[in-house]
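The values are calculated or read from the model by the stated rules, or taken from the named source; none is laboratory data. Because the structure is predicted, anything quoted here is derived from the model rather than measured. With ideal geometry, Cβ positions are generated from the backbone for all residues, glycine too; neighbour counts draw on all protein chains shown. Just so you know, the surface numbers come from the protein's heavy atoms only, side chains and all, with ligands and any DNA or RNA stripped out. Shrake-Rupley method; radii C 1.70, N 1.55, O 1.52, S 1.80 Å.
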Amino acid sequence: GRGSGGARGAAGAARRLEGRRREGIMNPADLDGLPDGDKQVMMDMIEGMQTRDSLQLYNRLVERCFRSCIDSFRRKNLDSGEEKCVVKCCEKFLKHSQRVGLRFAELNQGAEQQMQEMLQQQAAAAAAAQGK
């Protein structure tokens, strides 16, 4: 009954949301057709994906800046040159990540607008063909 259909619906919604998340398009309206229980499952999944993405970003930041800035293990603490390098590296990495995210959002918005225009043109052409 409902359990297996709901699970299939939630699984399909999860695949769609994962694809949209990767594309940078997350719209809460995507969950509107789901029952409340499935919505909560999906929201939990989204939260988990966002947490995973945040941890991956943090790990890339640490790895990159460590490789670039730390060259000696003679001391327990960073020397002033290493510390300045780490600060500069982190700032640069985070600014770049933010810039890339904004650019993806712009591109996705443009692609969505193009898709809407194309769908409107197709609908108009279909209506014109039916009117003949």
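Taking residues in the stretch 84-110 that are free of Cβ contacts under 8 Å to residues at least 40 places away in the same chain, and partners anywhere that are surrounded by 12 or more Cβ atoms within 10 Å (Cβ to Cβ), the pairs with Cβ atoms closer than 6 Å and at least 6 places apart or on different chains are C85/C69; V86/C65; V86/C69; C89/C65; C89/S68; C89/C69; C90/C65; F93/L61. Residue pairs whose Cβ atoms lie under 8 Å apart, sitting 6 or more positions apart in sequence or on different chains, and linking a residue in the stretch 57-77 that is farther than 19 Å from L94 by Cβ and open to solvent by 100 Å² or more (accessible area, probe 1.4 Å) to a partner that is assigned to a helix (DSSP H, G or I) and at pLDDT 90 or above, are D71/E82.
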